[in-house]
Amino acid sequence: MNILVCISNVPDTTSKINFVENDSKFDTNGVQFIINPNDEFGLTKAVWLKESNNATVTVLTVGEQSVEATLRKCLAIGADKAIRIDCPANDAYSVAKEIETHCEQVKYDLIICGRESIDYNGGIVPGLIAGFLDYNFVTNCVNLEIEGSKATFSREMSGGTEISECQLPLVIGSQKGLVEESDLIIPNMRGIMMARQKPLDIVPSQGVNAKTRDIKFNKPQAKSEVKLIKADELDKLIDLLENEAKVI
Amino acid sequence: MSVLVYLESENNKFKKSSYEALSYGKGLADKMGVQVCGVVINCSDIESLKAYGPDKILKIESQDLSAFSSKKYAHAIANIMKSENAHIVILSSTPDSKYLGAHLSGVTDSSFVSNVVELPESISPFTIKRTCFTNKAFSLTEIISDTKIISIASNSFGVIENSNDSLAEEEIDIKSIDSNQRILNIEKESGSVTIADAEIVVSAGRGLKGPENWEMIETLAETLGAATACSKPVSDMGWRPHSEHVGQTGKPVSSNLYIAIGISGAIQHLAGINSSKVKVVINNDPEAPFFKAADYGVIGDAFEVIPSLIEKLKAR
Ligand SMILES: Cc1cc2nc3c(=O)[nH]c(=O)nc-3n(C[C@H](O)[C@H](O)[C@H](O)COP(=O)(O)OP(=O)(O)OC[C@H]3O[C@@H](n4cnc5c(N)ncnc54)[C@H](O)[C@@H]3O)c2cc1C
Ligand SMILES: Nc1ncnc2c1ncn2[C@@H]1O[C@H](COP(=O)(O)O)[C@@H](O)[C@H]1O
């Protein structure tokens, strides 16, 4: 079985978010980049499928050279091979088109993406890939079992969990639950050494035009001071919520 | 040319977020000088839509679409886009609608922009404000492509009445799409209100000390008609199901009221709940960072404050 895990390289969750060039670009200065947490759950699941289903795991990022450190980390976690499609990730559409082109050349049975990236939070790329390739698609995926060419999976929906099955190929949007936090693989020295020997291929881009463009970023306005209510004056809190905020 | 709005429903009732999506669609259509059409799949409660100003409702009644399928629904809407010559589709941001929106943009080879919070600043070029960096920033985004799929962040635009009594209805026949994807089972959670749909969310953290203390949280939520949620360590330790985990790596919350009890207010937690309108923080540590992000705060012991708050709310 051939698995592709699409990796988004995102600012660490504690990063301070700032912008430069007249607020038109994200300021990467001093920012630590990590594997998008939703993708890391998916990657861990893929590594498990290597053993249980004799799978080969390829990780892929559309991005510039700076993303290679993140790809190396994926190799150390257990992916067999990495691919970087060499162009800036301009928007979800152009990223998904590049991935589609690659998937037409190399056939994958399972394409794992994250439910959403924590930088642009679109939740767009996996749906686009599935739509472009006309593959089955599930997002918010919290369980996945593969038997031969059949996949059984669950997705979190509003108010419950839906369990479905389909034939491969399948695109999933993974999240916590697919594997648990405690299952995440922390690369050891051996993994890191082995990662150096594994292939990291650089593939030229198709030069797809973006369909969206960030013109200007801004940050939410600073909050006004909190109104403190004494613990023995809760009637006041109820009154404020009822008559000032009008939310209850 | 018209603006299409997908109106999600469940058990023959539209979701509240569908009325918000329709209000937004109406605002956009007015701005563009075109009509707004609602797309309804297997729901007959058309009367309730009138208040929000649609010009036309396109109704699909189909056994084949009785259960949600992103692929079948995406193809159905793609067909309507063709027949109506529509280039803009508005959706809410429930889990199903976001799932559908992304798939639909793939099927129609167009761009999808999610987490939109306002009407476009300008129509030509088409520029729209959305959240990014998990609510730590906004981006003014230009959508270059002609066809645009847009999902709006919950509770960002609001439900706006705009009555239209001369509402046209049209039944649409769609030809089904084959799919080998088959639903085996749906397990409903026991809790009555879901985080995605909730107006009010009551959330608790490690300050509660253990799972046995959640009864008062559930009672408070019940009293307010709220959904329950929790911080990440609480779900990691198995005190609460992981479906309740909210924050940057959990579920996003954009409710009208978010009540945080015994949660310190770490950056990853705040990121996911920041787009909630009003935040109340109950914490016994006056230095807890959450107070900086709160509208109202109570410095006190949750084990005293919560039972008393429940009592007072019930007595209301
Ligand atoms: C990659 C990454 C992703 C993360 N994603 C998320 C996420 O999505 N969501 C999330 O929530 N966290 C996330 N975290 C974890 C986050 O950093 C914090 O560790 C977490 O939010 C803390 O949870 P807490 O507030 O419940 O616990 P604590 O930080 O332990 O806070 C407990 C609070 O309870 C108060 N308290 C104690 N006793 C009482 C009492 N009797 N009455 C009232 N108050 C009391 C304390 O004063 C304290 O403020 C993430 C972390 C990382 C590294
Ligand atoms: N530049 C990229 N390269 C490879 N995969 C990506 C890239 N951007 C996003 N993805 C994948 O698409 C998922 C959803 O991203 P998004 O649509 O940006 O929320 C991510 O979790 C990744 O799996």
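The values are calculated or read from the model by the stated rules, or taken from the named source; none is laboratory data. Because the structure is a prediction, the values reported are computed rather than measured. Using ideal geometry, Cβ is built from the backbone for each residue, glycine included, and neighbour counts are taken over all protein chains shown.
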### Task
Could you check B:Leu220 against (1) aliphatic (A, V, I, L, M); (2) within 11 Å of another protein chain (Cβ to nearest Cβ); (3) more than 16 Å from ligand 2 (Cβ to nearest atom) and say which number it fails?
(2)
### Message
Under 6 Å between Cβ atoms, which residue pairs at least 6 apart in sequence (or on different chains) link something in the range A:86-99 that is modelled with pLDDT of 95 or more with a partner that is of a type in the set (Ser, Thr, Tyr) and more than 9 Å from ligand 2 (Cβ to nearest atom)?
### Response
A:Asp86/A:Ser205; A:Cys87/A:Ser205; A:Asp91/A:Thr212; A:Tyr93/B:Ser111; A:Glu98/A:Ser205
### Query
Within the bounds of the range B:164-181, is there any residue that is over 26 Å from B:Glu61 (Cα atoms), among the aliphatic types (A, V, I, L, M) and either surrounded by fewer than 16 Cβ atoms within 10 Å (Cβ to Cβ) or at pLDDT below 95 (or both)?
no
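Table: residues versus (1) of a type in the set (A, V, I, L, M, F, W, C); (2) surrounded by 22 or more Cβ atoms within 10 Å (Cβ to Cβ); (3) away from chain B (no Cβ under 14 Å).
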residue	(1), (2), (3)
A:Cys74	yes, yes, yes
A:Gly78	no, no, yes
A:Asp86	no, no, yes
A:Ala96	yes, yes, no
A:Gln105	no, no, yes
A:Tyr108	no, yes, yes
A:Glu116	no, yes, no
A:Gly122	no, yes, no
A:Asn140	no, yes, no
### Task
Scan the range A:1-22 for residues that are small (Gly, Ala, Ser) and within 16 Å of ligand 2 (Cβ to nearest atom) and jot them down.
A:Ser8
### Query
Can you find even one residue in the range A:41-53 that is touching a Leu at 6+ places or on another chain (Cβ under 6 Å), closer than 18 Å to A:Lys198 by Cα and in contact (Cβ under 8 Å) with a residue 60 or more places away in the chain?
yes
### Task
Give me a count of the residues in the range A:124-134 that are buried (at least 24 other Cβ atoms within 10 Å of the Cβ) and either among the aliphatic types (A, V, I, L, M) or out of contact with any His (no Cβ under 7 Å at 6 or more places or on another chain) (or both).
6
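How many residues does the range A:180-219 contain that are in a loop (DSSP other than H, G, I, E, B) and within 14 Å of chain B (Cβ to nearest Cβ)?
Of the range A:180-219, the ones in a loop (DSSP other than H, G, I, E, B) are A:180, A:184-188, A:198-199, A:205-211, A:219.
In the following step, the residues that additionally are within 14 Å of chain B (Cβ to nearest Cβ) were identified as A:180, A:184, A:208-211, A:219.
The number of residues fulfilling the criteria is 7.
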### Query
For the range B:223-251, which residues satisfy the criterion of being within 14 Å of ligand 1 (Cβ to nearest atom) and either more than 14 Å from chain A (Cβ to nearest Cβ) or in contact (Cβ under 8 Å) with a residue 60 or more places away in the chain (or both)?
B:Gln248
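Any residue that is more than 14 Å from chain A (Cβ to nearest Cβ) and over 18 Å from the mean Cα position of the chain (by Cα) - is there at least one of those in the range B:97-114? If you could, list the steps in order and put the result at the bottom.
Of the residues in the range B:97-114, the ones more than 14 Å from chain A (Cβ to nearest Cβ) are none.
Looking for residues that are more than 14 Å from chain A (Cβ to nearest Cβ) and over 18 Å from the mean Cα position of the chain (by Cα), one finds none in the range B:97-114, hence no.
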#### Entry: Given (1) outside any loop (DSSP other than H, G, I, E, B); (2) within 9 Å of chain A (Cβ to nearest Cβ), index of the condition B:Ser145 fails
(1)
### Task
List the number of the failed condition for B:Ile77; all other conditions in (1) of a type outside the set (D, E, K, R); (2) touching a strand residue (DSSP E or B) at 6+ places or on another chain (Cβ under 7 Å); (3) surrounded by fewer than 23 Cβ atoms within 10 Å (Cβ to Cβ) hold.
(3)
### Query
Do any strands (runs of 3 or more DSSP E) entirely within the range A:1-119 hold 1 or more residues that are within 16 Å of ligand 1 (Cβ to nearest atom), and if so, which?
A:9-11, A:33-35, A:110-114
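Yes or no: the range B:264-273 includes at least one residue that is within 12 Å of ligand 1 (Cβ to nearest atom), within 9 Å of chain A (Cβ to nearest Cβ) and crowded, with 20+ Cβ neighbours inside 10 Å. Reasoning before the result, please.
Let us first name the residues in the range B:264-273 that are within 12 Å of ligand 1 (Cβ to nearest atom), namely B:264-273.
Still in the running and within 9 Å of chain A (Cβ to nearest Cβ): B:266-268, B:271.
Checking the rest, the ones that are also crowded, with 20+ Cβ neighbours inside 10 Å come to B:271.
Looking for residues that are within 12 Å of ligand 1 (Cβ to nearest atom), within 9 Å of chain A (Cβ to nearest Cβ) and crowded, with 20+ Cβ neighbours inside 10 Å, one finds at least one in the range B:264-273, hence yes.
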### Task
Report those strands (runs of 3 or more DSSP E) wholly inside the range B:41-117 carrying at least 3 residues which are within 15 Å of ligand 2 (Cβ to nearest atom) and either on the phi < 0 side of the Ramachandran plot or in the same structural domain as B:Leu28 (by TED's automatic domain parsing) (or both).
B:111-116
